[in-house]
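Step one of this worksheet: look at the structure below.
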Amino acid sequence: MICSRCDREISDASNFCNFCGSRQRSSSFRKRLSRSTRDSKIAGVCGGIAEYLDIDPTLVRVIWVALSVVPGGIIGGGLAYLLAWLIIPKSAETPVATAAPIEQTAKFPT
């Protein structure tokens, strides 16, 4: 890739020019919060938040439950989850198959 500011050759994966420091990728690309299709237990809300923050989804779930158990928070935590389920759009990604296909072994007569 060629830098748009100083016209020098830089790596294709670079976000900034190594020579002049100018931004190479458009700032319109940004992460969007969405419900996860890959890591979903109920509706994918905690999995989507974890993907957005680049943290472990189990940690998000534990924090969500811990904050919901606070006196009076169970109804609020459940209501917040329901609202997040309705408001946060589902991810456009297709789920990735995690199980390997089962290999069949040929049995030869003895």
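Observations, loosely collected:
- For the range 53-74, the count of residues that are modelled with pLDDT under 75 and assigned to a helix (DSSP H, G or I) is at least one.
- Scanning the range 1-60 for residues that are closer than 21 Å to A80 by Cβ, of a type in the set (A, V, I, L, M, F, W, C) and surrounded by fewer than 12 Cβ atoms within 10 Å (Cβ to Cβ) turns up just one, I42.
The values are calculated or read from the model by the stated rules, or taken from the named source; none is laboratory data. Model, not experiment: these values are computed from the prediction. Virtual Cβ from ideal backbone geometry, glycine too; neighbours counted across all protein chains shown.
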